[in-house]
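Below: one structure, written as structure tokens.
The values are calculated or read from the model by the stated rules, or taken from the named source; none is laboratory data. As the structure is a prediction and not an experimental result, all values here were calculated from the model. Every residue, glycine as well, gets a Cβ built from its backbone with ideal geometry; the counts of neighbours run over all protein chains shown.
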Amino acid sequence: MATSMKLREPEVAPPSHFGDRVFSGAALAAGVAILVILAGVALFLLYEGIPGMTAEQEDYAPKDNFLSYVGPLAFGTVLASIIALITAVPVAIGIALFISHYAPRGLAAVLGYLIDLLAAVPSVVIGLWGFETLGGSLLPLTGWLADNLGWIPLFAGPASVTGRTMLTAGLVLGVMILPIVTAICREVFLQTPRLHEEAALALGATRWEMIRMAVFPYARSGIVSGAMLGLGRALGETLAVTIVLAPSILYTFNIIGSTNSSTIASNIALQFPEASGDRVNVLIATGLVLFVLTFAVNYAARKVVERRREFSGAN
């Protein structure tokens, strides 16, 4: 018996609606605008900063050349940011873990809201708190560190009597990056596949063992990317560090003394209002160094995430 076969007509994609085209165009324009702004900032820093790298010797006072001028500033920037990371990341992971896996739902919602609210506190307010309250509260600790651990270069002392130290600045930066790192870690922890957690519990693991074997491996790249984003935030902070730190242009690992390495952003904020001529170009050149440093940190964070794209809660 002959059977008639009807050929299937090719499926035709539905026509795109006007709203879809508008949204697509707006998204494309936003992406292009970001690239244009970034390129514009980079070109400005290059155009204005390169003359600052070859300026006269007096424009680098109290140093002799650009490398000797920007080197201590970059060192202080990185040192303060590392202190912030060391103090903020473990706390952020603990808070995020408590919100995602331990706290009751109502309490978790309140804590999440409070952490997000902390990100809205202006940096000048946190800087004033660090100068007026935190610095003085750390005096007994810095004195003890100088007396008992002075053989370590970080605590060589003599301890500052004002509390305006690199340690205080690093802790203030840690408070400022805490909401960013916590928010990212919290979202990554919440995205851990439920089946992974239930499988670990079904095999007899305790809650902590489940977190260690199922949650942390899944969230590792997300934690690293959150820490790197926090590091990028700490590298560029200006006002809070300017208020807290008693800066100098030198290399020192002593984080509790009264003489501290300045940061690039803080130095620009302090020197720019009175700068003129080639001195302005010198400060812009240091800004170019900070731009490259921050860009490199964020690029490294992006590469870490991409390496584990198929097994990452950050994607």
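How many residues are of a type in the set (S, T, N, Q) and closer than 23 Å to LEU245 by Cβ if we restrict to region 92-150?
4
Has region 76-90 got any residue that is in contact with a Ser or Thr (Cβ under 6 Å, 6 or more places away or on another chain), assigned to a helix (DSSP H, G or I) and of a type in the set (Val, Ile, Thr)?
Yes, region 76-90 contains a residue that is in contact with a Ser or Thr (Cβ under 6 Å, 6 or more places away or on another chain), assigned to a helix (DSSP H, G or I) and of a type in the set (Val, Ile, Thr).
Can you tell me which residues in region 170-219 are in contact with a Phe, Trp or Tyr (Cβ under 9 Å, 6 or more places away or on another chain), part of a helix (DSSP H, G or I) and closer than 21 Å to TYR113 by Cβ?
VAL175, VAL188, PHE189
For GLU197, are the conditions met, namely being without any contact (Cβ under 8 Å) to a residue 12 or more places away in the chain, surrounded by fewer than 22 Cβ atoms within 10 Å (Cβ to Cβ) and not hydroxyl-bearing (Ser, Thr, Tyr)?
no
Out of THR206, THR192, report the one residue that is farther than 25 Å from ILE243 by Cα and surrounded by fewer than 13 Cβ atoms within 10 Å (Cβ to Cβ).
Result: THR206 is the single residue among THR206, THR192 that is farther than 25 Å from ILE243 by Cα and surrounded by fewer than 13 Cβ atoms within 10 Å (Cβ to Cβ).
Collect the residues in region 1-45 that are of a type in the set (Ser, Thr, Tyr) and at pLDDT below 55, keeping them in residue-number order.
Matches in region 1-45: THR3, SER4.
Evaluate the following for SER276: is it of a type in the set (S, T, N, Q) and either assigned to a helix (DSSP H, G or I) or closer than 30 Å to TYR102 by Cβ (or both)?
Here the answer is no, as SER276 does not meet what is asked.
Specify which of the listed residues (ILE255, ILE211) is crowded, with 17+ Cβ neighbours inside 10 Å, in contact with a Gly (Cβ under 8 Å, 6 or more places away or on another chain), in contact (Cβ under 8 Å) with a residue 40 or more places away in the chain and not charged (D, E, K, R).
After applying the criteria, what remains is ILE255.
Pairs only if they're at least six apart or on different chains, beta carbon under 7 angstrom, first in region 62-87 and free of Cβ contacts under 8 Å to residues at least 24 places away in the same chain, second part of a helix (DSSP H, G or I) and surrounded by fewer than 21 Cβ atoms within 10 Å (Cβ to Cβ); list them, first residue then second.
Hits for this filter: ASP64/GLN57.
Could you identify the single residue in TRP129, TRP144 that is within 22 Å of ARG233 (Cα to Cα), free of Cβ contacts under 8 Å to residues at least 60 places away in the same chain and not β-branched (Val, Ile, Thr)?
The unique qualifying residue is TRP129.
Among the candidates GLY232, GLY204, GLY222, GLY236, single out the residue that is over 21 Å from VAL181 (Cβ atoms), at pLDDT below 85 and either within 15 Å of the chain's Cα centre (by Cα) or among the small types (Gly, Ala, Ser) (or both).
That would be GLY204, the only listed residue that is over 21 Å from VAL181 (Cβ atoms), at pLDDT below 85 and either within 15 Å of the chain's Cα centre (by Cα) or among the small types (Gly, Ala, Ser) (or both).
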